[in-house]
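Laboratory data are not the source of any read-out in this text; all were calculated from the coordinates shown. This one's a predicted model, so the numbers in the text were calculated from it and none came from an experiment. Here the Cβ is made from the backbone with ideal geometry for all residues, glycine too, and neighbour counts use every protein chain on show.
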Amino acid sequence: MEQFATRFLHVDMDAFYVEVERLADPSLRGVPVIVGGLGSRGVVAAASYEARRTGVRSAMPIVEARRRLPRARYLPSDMAKYTTMSRRVFAILDDFSPFVEPLSVDEAFLDIAGLRLHYDRPYDVAVAMRKRIRDELALPASVGVAAVKFLAKMASKEAKPDGIFVIDAGTERAFLEPRNVVELWGVGQATLASLAGLGIETIGQLAEVPNDMLRRQVGVAAAAHLTALANGRDPRSVEPGREAKSVSVEETYPTDLTESDEIDRALLELCHRLSGRLLKAHLAGKTLTLKVRLGDFTTVTRSLTGRQPLSDTSQIWPLASELLGKVALSGQGIRLLGIGVTALSEGEPTQLAIDGSDRTALADVSAVVRGRFGDDAVLPARLAEPPEKKTQG
Amino acid sequence: MRIRAERDDLADVLARAARAVGTRSPQQILQGLLCDVRGNRLEVTGTDSDVTIRTTLEVEVLEAGRTVVPAKLAAEAVRKLPVGAVTLSAEEGEVEITGNGPRFRLREFVVNDFPDIPDTIEAPLVEVDGEAFVAALAQVGVAASGDDARPTLTGILFEAHDDGLRLVATDSYRLALRDLPGIAAGETSLVPYRALREIGRTIADAKLGVQLDDRQAAFSSARGRMTARVIEATFPNYRQLLPDEYPNRLSVSKAALLDAVGRAALVAEEHIPVRLSLSESGVELSVTRQEVGEETEHIEAAYSGEEMTIAFNTRYLTDGVGAVAGDEVVLETIDPLKPGMLSGGSDGFQYLLMPVRL
């Protein structure tokens, strides 16, 4: 059985916010609809195709949109509603492939290489996918199919609205040649101006420009990137990673832990590592699970579900300690400790506390610092080493 | 000891004292009610060792003395006798309850095991209007926490001021306070709401005496006396949590808002907030729950300030709006992540409520 020559799909929901609004209110069908901030400084979040014909675009000031299209229907955006629907769209995509990389609420890359036994052509996958989204959610989606990611994305743009576009393997150059370089991934106004300095306007011209000339103009890294794209090359793979069902860490200790202080520290260290993983992925979960393996290989797990989603060490640690307190060690040492968080959510509504006891501010700052300077940039004091000791180690 | 009394009167004093009896006390004796007969009075005491309720009744005394009866059982037994006179007596380890035929013979608890509850407080007694005071406790009590893991938050702070008494409670998500001018409470203390909640159902009367010291709070009336061990913890410094000013102000009909939140709550679950979009035309409520559906509605209201959307837990919002006295509710806000303040007429009630971050 042959491999799919074009294994990347880019799925892009058409005027997603508008279409979600239309589900609730059919009178919005067939007329120009604009969703966005409706205040004097609001901007357009989404415009229906009817509205786009008059030049209304996303991110345009709402005032400008009203000037162009005074009679369109204007709706305030309702992210909760769109997020809810987005989850349902992604649930369908997840049925097709485990490799789904979300780009936003209404857009994703998929790697469908594994479907070759089920479908004759990638095109058929796109058809089936659009049909399910249409049948189950009554929403239009456009799908681009290509051999590499950035081309799949260009193809979906070509497919819009409500269609499929395939860039067959071997036809990439022909597809790209006549197009303006601005359509390439990563080409902004600055690069555009640099390329114009070389007289380059189309992707075809870019593909033919001598490499050293391009390097002098835009730098080594950008030149390599642009040359690859202009030739239809993109090494990136689809990176799933949305909504992992759980995040956990565990450690097997060289010698069984017996002293309570030693056990406490080990647990705290695991909490901190878990927190680092959660913060990095912008995830939080309400259910904490503790796994303890004793010297005789008996394994005990305990879990509890808190009121607030957990992500910071300061939130996880007290609960983990509480769980560990429930495990009868029966005089044995601990061979392995593991903790994990499930019921993960991203941006779920969070009840804030008056006194800040939800530690949100601290957790937020800690997340930023750890994101920028590394996981150990913020440590519980019990785990921190004196500076001189650290440099020796 | 041996007494005779009207069934309804006796059932009443037993049942009210029994409200202090915990259902899960590890000490069996605390499942009992102490009945102490002296002069022409029966005094009934129930306690869980933190909260004690004592009720009294004039009875026909046939023989003075003391007994401890099983609280719930004795109270129910008396209540279920035929109407008319009831005799309660205790002798040789047995309690007998009879009236118009039926006869209960119950095992008596060991009288000397009943704890000696210190009941007298040196602090001066302040007399308050019982009905208004109970209403104020209920108003503030909605914000008290029921979570025993954080005892500090399960109480109402009685804060003595020069010009009156202030009641404050918070479960860390909302904070309710009520000023009661003219009540000179003397001491500031933290009284468990679990006890205060029972005042209305046990000893409340037109006039209520309040006494506070650093260990106990006592409330007394012609119908009885409740003492509660105060919570020995420092109440959060709530003043620094109260914003100085709010740029946005919504004034809306209390009934309309309560009804609307009630409808929204049908769709929401505990953790799904109701969103309030505030603008000059009023307030738009909306709630969306995945897999279930949504509800939206608009209420006309007076609003001044920036257009904004803020989300609240439906139950916390209902509690606050419901506690406001008067027909109009004022909601003041700063931004979607800062606390909102609910208040009503001029009764000195304020309810600070943290929003839900969407």
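Name the long-range amide H neighbours of B:GLN216: under 5 Å, sequence gap of 5 or more, or other chain; modelled H, no Pro or chain starts.
Long-range HN contacts for B:GLN216: B:VAL230.
Apply 1/(1 + (r/R0)^6) to the Cβ-Cβ distance of A:ARG265 and B:ARG150, taking R0 = 35 Å, and write down the FRET efficiency to the nearest 0.05. Present the calculation step by step, with values, prior to reporting the outcome.
Numbers: r = 27 Å, r/R0 = 0.76.
About 0.85, to the nearest 0.05.
Provide a whole-number value for the mean count of partner chain Cβ atoms within 10 Å of the Cβ atoms in peptide B:168-177. Kindly include the intermediate steps, with their values, before the conclusion.
On the way: counts 0, 0, 3, 2, 8, 8, 3, 2, 0, 0.
Partner Cβ neighbours, averaged per residue: 3.
Helix-only mean residue ellipticity at 222 nm, chain A, DSSP H runs n ≥ 4 weighted -39,500 (n - 2.57), per residue, nearest 500. What is it?
On the way: 15 runs with 158 residues, N = 393.
About -12000 deg cm²/dmol.
In nm, give the distance between the simple-model label positions of A:VAL63 and A:ASN211, each being 7 Å from the Cα along the Cα-to-Cβ direction.
Reported label-point gap for A:VAL63 and A:ASN211 is 5.1 nm.
Run the simple label-point estimate for A:LEU383 and A:ARG236 please: 7 Å along Cα→C-beta, distance reported in nm.
Taking the two extended label points, one gets 3.1 nm.
For a paramagnetic label modelled at 7 Å from the Cα of B:GLU122 toward its Cβ, which residues of segment B:199-231 fall within the zone defined by backbone nitrogen distances under 12 Å?
Taking a point 7 Å out along Cα→Cβ of B:GLU122, the residues of segment B:199-231 whose backbone N falls under 12 Å are B:213-215.
Order the peptides B:115-126, A:192-203, A:153-164 from the highest to the lowest mean number of other Cβ atoms within 10 Å of their residues.
Working: B:115-126: 13.0, A:192-203: 15.9, A:153-164: 19.3.
Ranked by mean Cβ neighbours within 10 Å, highest first: A:153-164, A:192-203, B:115-126.
What translational diffusion coefficient, in µm²/s and rounded to a whole number, does the Stokes-Einstein relation yield for segment A:280-338 at 25 °C and a viscosity of 0.890 mPa s, taking the hydrodynamic radius as the Kirkwood radius over Cα pairs? Each step should come with its number before you reach the end.
On the way: Rh = 12.3 Å.
Roughly 199 µm²/s, to the nearest whole number.
Specify the residue with the greatest mean-square fluctuation among B:HIS161, B:HIS271, B:HIS298, computed from a Gaussian network of chain B linking alpha-carbon atoms under 10 Å apart.
Ranking B:HIS161, B:HIS271, B:HIS298 by mean-square fluctuation puts B:HIS271 first.
Any idea what % of Cα-Cα pairs in chain B are farther than 41 Å?
On the way: 17032 of 63903 pairs.
Counting pairs separated by more than 41 Å, the tail of P(r) holds 27 percent.
What number do you get for segment B:254-351 when its Cα radius of gyration is normalised by 2.2 N^0.38 Å, N = residues? Write out the running numbers ahead of the final one.
On the way: Rg = 12.8 Å, N = 98, 2.2 N^0.38 = 12.6 Å.
Here the Cα radius of gyration is 1.02 times the empirical estimate.
About its Cα centre, what dipole magnitude does segment B:126-240 give when the only charges are +1 on Lys and Arg Cβ and -1 on Asp and Glu Cβ, stated in debye to the nearest 20?
Values: 13 positive and 16 negative charges, 70 e Å.
Dipole about the Cα centre, nearest 20: 340 debye.
Report the rotationally averaged projected area of segment B:126-240 based on its alpha-carbon convex hull, in square nanometres.
The number I arrive at for segment B:126-240 is 6.4 nm².
In sequence order, what are the phi-derived ³J(HN,Hα) couplings for segment A:178-185 according to the Karplus relation 6.51 cos²θ - 1.76 cosθ + 1.60 with θ = phi - 60°, rounded to whole Hz, with x for glycine and proline?
Coupling constants for segment A:178-185: x, 7, 6, 4, 5, 6, 6, 4 Hz.
Relative contact order for chain A using alpha-carbon pairs under 8 Å, separation at least 6, rounded to a whole percent?
On the way: 664 pairs, mean separation 51.8, N = 393.
Relative contact order comes out at 13 percent.
Excluding B:ARG107 itself, what net charge comes from residues whose Cβ is under 15 Å from its Cβ, given Lys and Arg +1 and Asp and Glu -1? Write down the numbers at each step before the final one.
Values: positive: B:LYS72, B:ARG103, B:ARG105; negative: B:GLU91, B:GLU92, B:GLU94, B:GLU96, B:GLU108, B:ASP113.
Net charge in that neighbourhood comes out at -3.
For chain A, what is the convex hull volume of the alpha-carbon atoms per residue, in Å³?
Details: hull volume 88.8 nm³, N = 393.
Convex hull volume per residue, Cα atoms: 226 Å³.
At 7 Å along the Cα-to-beta-carbon direction for both A:GLU136 and A:ALA221, put a label point, then send me their distance in nm to one decimal.
If labels sit at A:GLU136 and A:ALA221, their model points lie 4.0 nm apart.
What's the average, rounded to a whole number, of partner chain beta-carbon atoms within 10 Å of each residue's beta-carbon in A:76-85?
Details: counts 5, 0, 7, 1, 11, 4, 0, 3, 5, 1.
Per-residue shielding by partner chains comes out at 4.
For the protein assembly as shown, give me the percentage of DSSP beta bridges that are antiparallel, rounded to the nearest 5 percent.
Values: 159 of 166 bridges.
About 95 percent, rounded to the nearest 5.
Amide H to amide H, which residues 5 or more places from B:GLY282 or on other chains are under 5 Å from it, using H placed in the peptide plane?
Those lying under 5 Å, H to H, from B:GLY282 are B:ALA301.
Could you give the dipole magnitude of segment B:243-353 about its Cα centre, charging the beta-carbon of Lys and Arg +1 and that of Asp and Glu -1, in debye to the nearest 20?
Values: 7 positive and 20 negative charges, 42 e Å.
Taking the Cα centre of segment B:243-353 as origin, the dipole is about 200 debye.
Determine the shielding of peptide B:271-283 by partner chains: average, over its residues, the number of Cβ atoms on other chains within 10 angstrom of each Cβ. All intermediate terms of the calculation are to be shown ahead of the outcome.
Details: counts 7, 3, 4, 0, 3, 0, 2, 0, 3, 0, 0, 0, 0.
Per residue, the average neighbour count from other chains is 2.
Which is farthest toward the positive dipole end of chain B among B:SER286, B:LEU14, B:THR67, measuring Cα position about the Cα centre, with Cβ charges +1 (Lys, Arg) and -1 (Asp, Glu)?
B:THR67
Once amide H atoms are built 1.01 Å from N in the peptide plane, which residues 5 or more positions from B:LEU33, or in another chain, come under 5 Å H to H?
Close amide H contacts, sequence-distant or interchain: B:VAL69, B:ALA71.
Which order results if B:ILE156, A:ILE339 are arranged by neighbouring Cβ count within 10 Å, fewest first?
Working: B:ILE156 29, A:ILE339 26.
Listing B:ILE156, A:ILE339 from fewest to most nearby Cβ atoms yields A:ILE339, B:ILE156.
Of the cross-linked pairs A:LYS131/A:LYS160; A:LYS131/A:LYS157; A:LYS131/A:LYS280; A:LYS131/A:LYS286, which ones have a Cα-Cα span greater than 24 Å in the structure shown?
Details: A:LYS131/A:LYS160 15 Å; A:LYS131/A:LYS157 19 Å; A:LYS131/A:LYS280 35 Å; A:LYS131/A:LYS286 35 Å.
Cα-Cα > 24 Å for A:LYS131/A:LYS280; A:LYS131/A:LYS286; rest within.
Please give the net charge around B:ILE183, taking every other residue with its beta carbon less than 10 angstrom from that of B:ILE183, where Lys and Arg add +1 and Asp and Glu add -1. Working shown, then result.
Numbers: positive: B:ARG166; negative: B:GLU127, B:ASP129, B:ASP163, B:ASP179.
Here the count lands on -3.
Along the principal axes of its C-alpha atoms, what lengths does segment B:3-135 span, in descending order and rounded to whole Å?
Cα spread of segment B:3-135 along its principal axes, largest to smallest: 46, 32, 28 Å.
Picking from A:LEU192, A:VAL378, A:LEU278, whose Cα lies most toward the positive end of the charge dipole for chain A (charges on Cβ: Lys, Arg +1; Asp, Glu -1)?
A:LEU192
Express the C-alpha Rg of the protein assembly as shown as a ratio against the empirical globular expectation 2.2 N^0.38 Å, rounded to two decimals.
On the way: Rg = 35.0 Å, N = 751, 2.2 N^0.38 = 27.2 Å.
Against the compact-globule rule of thumb, the ratio is 1.28.
Ranking A:ARG173, B:ARG16 by Cβ neighbours within 10 Å, fewest first, what do you get? Write down the numbers at each step before the final one.
Numbers: A:ARG173 13, B:ARG16 22.
Neighbour counts put them in this order, fewest first: A:ARG173, B:ARG16.
Report D for segment A:1-104 in µm² per second (integer): Stokes-Einstein, Kirkwood Rh on Cα pairs, 4 °C, 1.567 mPa s. Write out the running numbers ahead of the final one.
On the way: Rh = 15.2 Å.
In µm²/s, the coefficient rounds to 85.
Within segment A:62-96, which residues have the backbone N less than 14 Å from the label spot 7 Å out from A:LEU23 along Cα→beta-carbon, could you tell me?
Hits in segment A:62-96 for A:LEU23 at 14 Å: A:78-93.
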